[in-house]
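The values are calculated or read from the model by the stated rules, or taken from the named source; none is laboratory data. Not measured: the values here are computed from a predicted model. Glycine gets a Cβ as well: all are built from the backbone with ideal geometry, and neighbour counts include every protein chain shown.
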Amino acid sequence: MCLSVPGKVLDISHEEGFRMGRVDFGGVVKKVCLEYLPEIRVGDYALVHVGFAISRVLPEEAAKTLKLLNELGELERGENR
Amino acid sequence: MKYIDEYRDEKIARTLLQQIAGRLTREWVVMEVCGGQTHTIVKYGIDRMLPEGVRVVHGPGCPVCVTPLEKIDQAIAIAQLRDVIFCSFGDMMRVPGSETDLHRVKAGGGDVRVVYSPLDALTLARENPAKRVVFFAVGFETTAPANAFAAWQARQEGMQNFFMLVSHVRVPPALSAVLTAPDNRVQGFLAAGHVCAVMGTREYEPLAEQYHVPIVPTGFEPLDLLEGIDRVVRQLEAGEARVENQYTRVVTPDGNRAAQERIFSVFEICDQTWRGIGEIPASGFRLKNDFAAHDAAAAFDIAAIAPSESSRCMSGDILQGRKTPADCPAFGNECTPGNPLGATMVSSEGACAAFYHFGRHEKPASETPREG
Ligand code: SF4
């Protein structure tokens, strides 16, 4: 139940007075409430939990973490040579 | 999928494992707080790959597992009423109550609906004005923004037929409870990343300081968890005890302010009973008085229900990191996901269910005390 998945915001609309949007989870598209992410834009990734976007995925931070991890991976590959 | 697959690289995992091993000068016990983390750890066998000097124990962060039996019995009583549509997240359906579960109530003709979001319950209430629609609002801080939104919206629309049976839990007081238990072994935490996405990391700083424990909010992919364990171990070996955010792509120090505002306009903090553990002060949310019109606890006559718990289940010890599912004599024989004796065998985030699904009930002979 606590599962939350990152998906890409495809569009943003207003329904019954609140911000909704369609979010693409690797091909599966769902309607999601965007009320809690006033700053989110089309093309951004959002973390979605029980129909609500709760956090924007920060691409710069994701890149930083990945870079660190990849450097570790390179180290490993280097040692194996 | 983007932001998922990148965090599953095997080579990097191996390097992280070596790095952790290289740091160890003694043994450490680390608790992953959230059931989603437990699921990843057991699925990828991370607990078995770790060097001997570091043990992960599974924490209380499964909302399905800790919802008190009394609430389950109340849910069952309400779901049996003729004029009610009872809405629940799917994994609450098989949680054993004192006598039955929601799944059986439904099979017996009760109108019980599995919903994906509290918004679906609101829609049902609008479409069925002659029925009372009751939503089982369980969860941690991750789910609180969604559930708060439902109550807010129901009041906004002046809905007369929408109610919430609330059983909400908060993580920080549960960590205090784990740490102050007399037989506690936990020395560091992987905090629940998605709880922190909502609440931020600041509320963990006093805990890290007071109990001198490293607290590292992590994500849910294997590399997230390994990196988190590496950071906890690094701090422990250095004698440090800080909040250190591994999951920076999703978690910020302040969390989601808009969500927090809505949570605290709808809910107030209360003492809360955790199934298998007992009452933990200030560890829950309940609806504020302004929302009494939508509170199932006030609208339905359920106060007198007296629960009775199976005596064989040791899920309380499992949820506090004192035991693992393999220690339970019922695990995998009397107790299976098809016939669960305890809530930790129901949800995919429950430690017993995770162990079962990933084949841990096929114990090697040397680990099977009953046949020794
Ligand atoms: S295996 Fe079943 S009976 Fe044993 S602790 Fe887990 S849920 Fe309870």
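List the helices (runs of 4 or more DSSP H) that sit entirely inside segment B:187-264 and contain at least 2 residues that are facing another protein chain (nearest Cβ under 9 Å). Talk me through it step by step, then tell me what you get.
Numbers: elements: B:193-199, B:205-211, B:222-238.
In segment B:187-264, B:193-199, B:222-238 are the helices (runs of 4 or more DSSP H) which contain 2 or more residues that are facing another protein chain (nearest Cβ under 9 Å).
Among the residues making up segment B:111-139, those that are of a type outside the set (D, E, K, R), within 22 Å of B:SER167 (Cβ to Cβ) and outside any helix (DSSP H, G or I) are B:VAL112, B:VAL114, B:VAL115, B:TYR116, B:SER117, B:VAL133, B:VAL134, B:PHE135, B:PHE136, B:ALA137, B:VAL138, B:GLY139. Residue check: B:GLY321 meets all listed conditions (1) within 16 Å of the ligand (Cβ to nearest atom); (2) on the phi < 0 side of the Ramachandran plot but one, namely (2).
Only one of B:ASP47, B:ASP101, B:ASP9, B:ASP111 is of a type in the set (D, E, K, R) and within 30 Å of A:PRO59 (Cβ to Cβ). Can you tell me which?
Values: B:ASP47 fails: within 30 Å of A:PRO59 (Cβ to Cβ); B:ASP101 fails: within 30 Å of A:PRO59 (Cβ to Cβ); B:ASP111 fails: within 30 Å of A:PRO59 (Cβ to Cβ).
Matching residue, one of B:ASP47, B:ASP101, B:ASP9, B:ASP111: B:ASP9.
Of all residues in segment B:73-110, those being in a helix (DSSP H, G or I) and in contact with a Leu (Cβ under 8 Å, 6 or more places away or on another chain) number 6.
The set of residues in segment B:331-357 being among the β-branched types (Val, Ile, Thr) and either modelled with pLDDT under 90 or near the ligand (Cβ under 7 Å from one of its atoms) (or both) consists of B:THR344, B:VAL346.
Look at segment B:28-43: where a residue is hydroxyl-bearing (Ser, Thr, Tyr) and a partner is surrounded by fewer than 24 Cβ atoms within 10 Å (Cβ to Cβ) and in a helix (DSSP H, G or I), sitting 6+ places away or on another chain with Cβ atoms under 8 Å, you get B:THR40/B:ILE46; B:THR40/B:PRO222.
Looking only at residues in segment B:82-119 that are of a type in the set (Gly, Ala, Ser) and buried (at least 18 other Cβ atoms within 10 Å of the Cβ), which one is nearest to the other protein chains (Cβ to nearest Cβ)?
So the first thing to find is which residues in segment B:82-119 are of a type in the set (Gly, Ala, Ser), and the list is B:88, B:90, B:97-98, B:107-110, B:117.
This time we only want the ones that are buried (at least 18 other Cβ atoms within 10 Å of the Cβ), so: B:88, B:97, B:110, B:117.
Numbers: B:SER88: 10, B:GLY97: 18, B:GLY110: 21, B:SER117: 3 Å.
Going through the qualifying residues, I end up with B:SER117.
Among the residues of segment B:5-15, the one identified as under 26 Å from the mean Cα position of the chain (by Cα) and within 7 Å of chain A (Cβ to nearest Cβ) is B:GLU6.
Is it the case, given these coordinates, that B:GLU268 is within 16 Å of the ligand (Cβ to nearest atom) and acidic (Asp, Glu)?
Values: within 16 Å of the ligand (Cβ to nearest atom): no; acidic (Asp, Glu): yes.
Taking the combined requirement at face value, the residue does not satisfy it.
From the list B:ARG312, B:ARG360, the lone residue that is within 7 Å of the ligand (Cβ to nearest atom), touching a residue at least 24 places away in the same chain (Cβ under 8 Å), outside any helix (DSSP H, G or I) and among the basic types (Lys, Arg) is B:ARG312.
Go through A:VAL32, A:VAL42, A:VAL23, A:VAL9 for me and flag whichever is loosely packed, with under 15 Cβ neighbours inside 10 Å and either touching a residue at least 12 places away in the same chain (Cβ under 8 Å) or not in a strand (DSSP E or B) (or both). Step through it out loud before you land on a result.
Working: A:VAL32 fails: loosely packed, with under 15 Cβ neighbours inside 10 Å; A:VAL23 fails: loosely packed, with under 15 Cβ neighbours inside 10 Å; A:VAL9 fails: loosely packed, with under 15 Cβ neighbours inside 10 Å.
So the residue among A:VAL32, A:VAL42, A:VAL23, A:VAL9 that is loosely packed, with under 15 Cβ neighbours inside 10 Å and either touching a residue at least 12 places away in the same chain (Cβ under 8 Å) or not in a strand (DSSP E or B) (or both) is A:VAL42.
The sole residue among B:GLN37, B:GLN18 that is over 29 Å from B:CYS65 (Cα atoms) and either within 11 Å of chain A (Cβ to nearest Cβ) or outside any loop (DSSP other than H, G, I, E, B) (or both) is B:GLN18.
Looking at the structure I just gave you, is B:ASP301 in a loop (DSSP other than H, G, I, E, B), away from the ligand (no atom under 16 Å from the Cβ) and among the charged types (D, E, K, R)? Can you show your working first?
On the way: in a loop (DSSP other than H, G, I, E, B): yes; away from the ligand (no atom under 16 Å from the Cβ): yes; among the charged types (D, E, K, R): yes.
In short, yes.
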